[in-house]
Each structure stands twice: as C-alpha cells, then as structure tokens.
1. 7 Å from Cα along Cα→Cβ at both residue 387 and residue 286: what's the point-to-point distance in nm?
2. What pairs in 105/157; 54/74; 54/87 have C-alpha atoms more than 24 Å from each other?
3. With only Lys, Arg, Asp and Glu charged, each at its Cβ (+1 for the first two, -1 for the last two), find how big the charge dipole of the stretch 47-192 is about the Cα centre; round to the nearest 20 debye.
4. Do you know the relative contact order of the stretch 47-192, to the nearest whole percent, from alpha carbon pairs under 8 angstrom that are 6+ apart?
Amino acid sequence: MLLPTLVTCLAGCAFFLSPVSEGCGPGRGYGKRRSPRKLVPLAYKQFSPNVAEKTLGASGRYEGKITRNSDRFKELTPNYNPDIIFKDEENTGADRMMTQRCKDKLNSLAISVMNLWPGVRLRVTEGWDEDGHHSEESLHYEGRAVDITTSDRDRNKYAMLARLAVEAGFDWVYYESKAHIHCSVKSDHSVAAKSGGCFPGEAVVTVESGAQMSISDLRPGDRVLASAGSDGSGELVFSEVLTFLDRDPVTWKLFYTLQTESGAQLSLTAAHLLFVSEGNCSEGVAPAFGTLRTVYASDARPGQCVLVSQGEVGQRLGEGHLSRLNQVTVRESRGVYAPLTQHGTVVVDGVVASCYAVVNQHSLAHWAFSPLRLIHSWTGTTGCHGNGIHWYSQLLHWVGRLVLDSGRLHPLGAPGTERPAK
C-alpha cells in the first residue's frame, strides 16, 4: 500500500538522518539536547544580541502601553511560579503580569538558576509597569520586559545570570546595572515573533516562458530558472516548484542584501545558504569545478564571488558566471517565501541560491529533503500546505534540534532572531 510506504519513508528520514536541514524553518520552542559546553558570562554593560533592543533583530518595535482598562490587557498573564520571587513593591501584583512569551522564558530561566546555584531562586524586581516609572516606549509598559537578580542578591552571580537569560531564550538581555539584569522578548502576536522565510515578497524569479515573476506570485507546479549542479554550478535549467517550505505574505523580516559588481542584487535571510567562490575569482567567468561552497547569507562578505545568471530570453541558458560582491547591507522587508524546486536551487533576482537554510551543507540538505521529493513524484503533491512552515520542514527541524550539536546549526537559524551585520 502507498500509505505504509510513505510512513516508512518519513519515519526513516526522521529518525535516522543526522545531517538534517530545513528551508528557513520554525523558531525556538522545540525540545533539544545540547552537548555540555562552557557558558561565558556577559560583561558589564554588554547586551545580547549586539543590536538595539527595539529592533527587529532583538525584541522588536514598541507597540504601545498596556493599561488595565485597555483591550490589550488580555495579552498579559500572571506568573505564579513558586520558584520565582516577585518584589512587587507596588503591592498590586503588576510585576507578575507579563506576556506568555516572557512568562515561558522566565520560567525556563528559573530552572537554570536553581540548577546552577542550589538553594538560590530567580528574583524579579521589575515587570509590567502600569505607573509610568520607566523611560518612554519602555517594553516594561507592554509586559515584555523584566529586571532580574538572584534571590541572594549576590552581584557576583549577575554576569552569569545574564548568560543564563540568553540561553533561556530571551530575545534581548542587557547587563544594565550592577544591581540587576534587564531582559525582554518579542511581542507574542507581532510578526517579529513568527518564524520566517528566505526571500522577500518582491524578489523576482524567471519562469519557463521567460517572463519575470514576483516570488509572491509563484505557485507549486511553476517551473523557474535554477541550477542543475549540486554545488550551484552547471547548466541553468527550469526546475519545477514542488512546494513552499515557508510562505508568509505579511511577516516583516530582516534581510541581508548582497550587491554584485554585475549589478545583481539579492536579499535573503541570515541563515539562508548561498553559493560563493573564495579567492581570486574572475568577473564574468564560469567557476572551476569544486571551487564553490555554501555560506550563510550572514557570513557573505565583499570580495567573495557569487553565481549570477546571464543571457536574454530565447537564448541558450548556459551556465551561471561569477560576479564579485561589493556591498552587503541589512534591511527590513515584508513577506517571506522559501520555494523548494526539484533541483534544490533557484535563481532569484539573477543570483543562484540554494533552497535550504540553517545547516551549512547544501548537498546534505538536498538529501534530507529526498523523501519529500519522492512523495511528490508518487502523488503529485507534498501534502496539504498553506501559509506558514511546511510540515516536513518542521519535522526535520525538530529532529535536527534533538540530535545535532547546536554548533552545527546557524545561531540565528531560528527565524525571528536575525541580527544585522556588524
């Protein structure tokens, strides 16, 4: 029967693949087992990630003050965790009120504190502020920020407490004062808190008719320009779009924009894979065999060469040729799209890119998605999928987080956590 065969195929992929990947898959929240590693305390006045708190790469934009009488008050939930001490100097319970995301991260941090320092508990000195005691547009007004110490108020512990907060998943942690650590999170309903995609909605692909099409208008079954080579090189061909590994028309994301000397300009998220050639690459020539490798978009640097397409509609497609990166910038854009083609590559805005992300090996990622391509060849579909993360990407991501050391995954591979280049 077909169904048992499909189940067997998926089960084998899920439980026996160690080099898994995903196409800009889901963010944090899945269980994972990491190898023991030394935690490095934050330095005084250091913040992580190294961007401003209210940017997309950290906790996101301020969305307005929440009061007890506002409709948004229902966004807050009380935290009655007995392992956390709430100072509550106002005696109103306000410090216990927070968003669900903040509550989850705080509860996770409380466990880490007790594990590291037996007998010591986490202490919250400031939570939701309904009295206007903080600076304008403080995330304390939205229940998205907390100031914390340890219950013993041992300031020698605060640098490590800040590191534990980072590990617990807070979206921004600041060793703000000798007296406390400041932590904040993304809005629960904000598009910044959602998992993301790979290319912005206005990115352009070339379909088999030769026409240019916005990636937001692309549909499964369309055939788009791609590379037949496993390393991005080789003949340019038209490859069928099997599905979208991620598709969200409304999400705002942070994109790395790569400008080449040939004029091609590609935007993609931090953890997405790109084919580059190092060293002395000649502008306009085809890459030599074996000289290309994949890097994350966040690791792309001026001086590296990427593959760009050439030729006009109606001409022989030929192969991609090299063009040197002369600028890398960061910008925000709306809409995230990650098409999966039969060949695992796609030419977007004239640049050859991988369809995959997070694990820095295109060939392994392509292999990990073989069962999905097999399902499509048998059934003509990859399963029911609308907007959001494809179920198969979520499956591979979950398994990968369980079996892979975190060092093998992009540190920002959890979409929604991208940070600008330094």
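1. 4.3 nm
2. 54/87
3. Computed about the Cα centre, the dipole is about 400 debye.
4. 27 percent
Quick note: the coordinates plus some simple rules give every number you see, no bench work behind them. Everything numeric in this text was worked out from a predicted model, so none of it was measured. Note: ideal-geometry Cβ built from the backbone for every residue, glycine included; neighbour counts use all protein chains shown.
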